[in-house]
Amino acid sequence: MNRRTFLATVGVGGAALTSGCQGLAGDDRLEWRFETGGSVTSVPAVDDGMVYTGSRDRSVYAIERDSGEEVWQFETDDGVAGSPTLAGDYLYVGSWDGHLYALDREAGTEQWAVDVGGYVGATPTIGERGDEGGEGGDGDEGGDGDEGGDGDEGGDGGEGGDRDVVYLGSGGRAVYAIDRFEGETLWTFEEPTDVVLSTAVVDPDRNRLYVGANDGTLYAIGTGGAGGTDGTGGTDGAGAGELAWKYRTGDAVNCTVALEEELVYFGSYDGAVYALDRETGDREWAFETGDRVQSSPTVADGTVHVGSADGSVYAIDRLTGEKEWTYDTGGTIYNSAPVLSGDTLYVGGASGSGRVHALDRDSGEEKWQFDTDGTVHDSPTIAAGTLYVGSNDGHLYAVSI
């Protein structure tokens, strides 16, 4: 078998449809579930008609949103634990086989693959090159890596280098910037002393990239934009692939940071949630939970929402670091970032057999639960009234909200 095999509309995947979603109970909300051959720890990427997910059975799947039927399957040489990202005509996804793949989003065929020196658990991030650029491109719809958090839905890019770079951390203890059209490595950042499983976040206002590593450090890295006060890139003079600042915590940083105005928020395996000044990296506050924080924070309307392995979801005042409320899920929360839709917060974890909790965003009171047959390891994705979420039971679920 070739190292990368395209499997069109065949393989282990299959959908089971349900008759409706009229009830308020969690089980009545199921629209369909799609079976893969391994744990699904990938955050689904969604477009108008398709859902894309990885599985630890080594495959990436494209699934019809309405029917839950498989459209195509692409096989790598190892588990796909991280999440795919959509940009233009391409789907970008990493594998434990140590490669970043660019696939045609409609056909599932490989466009290029890059060896990134170690297994990939993070979600690819789309950003700008920061120089004369290329042909532009579309925005992205992404999710959490195996140790990261969710992506965002972008708009169309334009000429002159808009959103033409893929940023990705790897088990090779490095962060890569790769031309998203050609697969050419533009630069690497090699300061981390342990694996990089955190999904990178671009700060276009400062021409920076924020990414955590298992060495316990959050790194701010220059992307080489033209907006710096000295003409080199960021406001601190950090050029492309150069360190702007770093902040050391007491343990691994696997989550995806959240940016809100002047602050950057993230959690650490040392059990704390941190707020740092985006410009300097100075700490504004730290909030202690009861266990490691690998869940990525979500910030909205002055509140930071985040999960902890102690089983609780925390609502924290974003400026003061004071607790507003907590909700005990009854089981470990791994990488599932709280996802906000309207007045409801959705988070997955290991409670029950593997559960998604729907909480009131203001009070933390539970509205309903949805049970799978395995741990919900990572974040859901919400689109057009449906929540898509993977489970360690090997299924991707479509749930009416």
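The values are calculated or read from the model by the stated rules, or taken from the named source; none is laboratory data. Since the model is a prediction, treat every value here as computed from it, not as a measurement. Methodologically, a virtual Cβ is constructed for each residue, glycine included, from the backbone with ideal geometry; neighbour enumeration extends over all protein chains shown.
Select from the range 307-318 the residues that are touching a residue at least 40 places away in the same chain (Cβ under 8 Å) and not hydroxyl-bearing (Ser, Thr, Tyr) and write down the one among them that is nearest to TYR269 (Cα to Cα). Going through the qualifying residues, I end up with GLY307.
The set of residues in the range 296-321 that are in contact with a strand residue (DSSP E or B) (Cβ under 7 Å, 6 or more places away or on another chain), outside any strand (DSSP E or B) and charged (D, E, K, R) contains only ARG318. Only one of (1) over 25 Å from ARG173 (Cα atoms); (2) not in a strand (DSSP E or B) fails for TYR269. Which number is that? The number of the failed condition is (1). Would you confirm, using the coordinates I've provided, whether ALA315 is among the hydrophobic types (A, V, I, L, M, F, W, C), farther than 17 Å from SER198 by Cβ and crowded, with 20+ Cβ neighbours inside 10 Å? Against the criterion (among the hydrophobic types (A, V, I, L, M, F, W, C), farther than 17 Å from SER198 by Cβ and crowded, with 20+ Cβ neighbours inside 10 Å), ALA315 qualifies.
When we screen GLU324, GLU279, GLU284 for residues that are part of a loop (DSSP other than H, G, I, E, B) and acidic (Asp, Glu), the only hit is GLU279. Scanning the range 190-215 for residues that are over 19 Å from LEU259 (Cβ atoms) and either among the hydroxyl-bearing types (Ser, Thr, Tyr) or surrounded by 19 or more Cβ atoms within 10 Å (Cβ to Cβ) (or both) gives PRO192, THR193, VAL195, LEU197, ASN214, ASP215. Candidates in the range 43-92 are the residues that are of a type in the set (S, T, N, Q), crowded, with 22+ Cβ neighbours inside 10 Å and in a loop (DSSP other than H, G, I, E, B); of these, the one that is modelled with the lowest pLDDT is SER83.
Scan the range 214-222 and give yes if some residue there is under 23 Å from ALA174 (Cα atoms), in a strand (DSSP E or B), polar (S, T, N, Q) and modelled with pLDDT of 95 or more, otherwise no. Yes, there is a match, as at least one residue in the range 214-222 is under 23 Å from ALA174 (Cα atoms), in a strand (DSSP E or B), polar (S, T, N, Q) and modelled with pLDDT of 95 or more.
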